[in-house]
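Data block below; observations after.
The values are calculated or read from the model by the stated rules, or taken from the named source; none is laboratory data. This structure is a prediction, so every number in the text was calculated from the model and none was measured. Ideal geometry is used to build each Cβ from the backbone, glycine not excepted, and the neighbour counts take in all protein chains shown.
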Amino acid sequence: MKLIVYIFLILFSGFTFAIETPIKWIRSPLLPLSESVAGHKIKKFEVQAAFTANEKGEIVNAKIIKSSGRPQVDTYILAGLYLAKIQIYYENGKPTPFNAIQAFEINNKYSNDKTYYLCRFETKSKHYEFQQQYTNFTEALKELDYVYLNAPVSKREFELSKYVDENLGEYDIEFYSQDGKISNVRGINSKDYFWLYAGEAVEYAKTIQPKKANWSKNRHKFTDTITLSRKCNSKPI
């Protein structure tokens, strides 16, 4: 990663000016770049991000101003910036916030010339299907322990070097809820790691409405069964 940073000082006088200067990162903004994030087509990612550092050296209001060409990498850069910490800047002896532009150059060790297909996980919730048979939540809660307020669906996309559609089976999922918020999602007696992707669908739903009011006030356990399949686009990317 090359560090080329322009700092725009926010001075109490109201004037703003730019200087090119090195920045000392107390905590690095770079997270480990995984294969699913990096993909395989781009050999080097060149990204520019603008951000504000506050008086504590924390990064706030970060945004991408020059994309890497891959949304997953842009998101990875932003996530790293928000977790990072920078050396505090002092103006007249006082910690001073500033704006900066950080340029990243990252070599992609996963790049190659193979053919890849864009794939995704598709999920089907047994509980949500039952819920959809009723005209409203009130009717559904006469029979069900809870209703989802949002559909439990997977948003995960990935790349495979072969075109393959596959039914991965059913996964029993357990989760807890308090004040309607879904938490502590895990697989029940799962034999492989695919339960994680089934569980992600439940996490994506975020909230439920339980049958009994006291179940909402107190932490209560619920279950669902998620059918997981893998679907790929027939045309390579």
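Some observations on this one:
- Any strands (runs of 3 or more DSSP E) falling wholly within the stretch 154-233 and containing at least 3 residues that are in contact (Cβ under 8 Å) with a residue 24 or more places away in the chain and either touching a strand residue (DSSP E or B) at 6+ places or on another chain (Cβ under 9 Å) or buried (at least 16 other Cβ atoms within 10 Å of the Cβ) (or both): 157-160, 166-178, 208-210, 220-232
- Any hit, the stretch 87-102, residues being touching a helix residue (DSSP H, G or I) at 6+ places or on another chain (Cβ under 9 Å), farther than 18 Å from residue 57 by Cα and in contact (Cβ under 8 Å) with a residue 40 or more places away in the chain: no
- Number of the condition not met by residue 121 [criteria: (1) in a helix (DSSP H, G or I); (2) touching a helix residue (DSSP H, G or I) at 6+ places or on another chain (Cβ under 9 Å); (3) crowded, with 17+ Cβ neighbours inside 10 Å; (4) not small (Gly, Ala, Ser)]: (1)
- Residue match in the stretch 43-61 (condition: in a helix (DSSP H, G or I), among the acidic types (Asp, Glu), at pLDDT 90 or above and not assigned by TED's automatic domain parsing to the domain that holds residue 158): no
- Checking 211, 191 one by one, the residue that is more than 21 Å from the chain's Cα centre (by Cα) and under 17 Å from residue 145 (Cα atoms) is 211 and no other.
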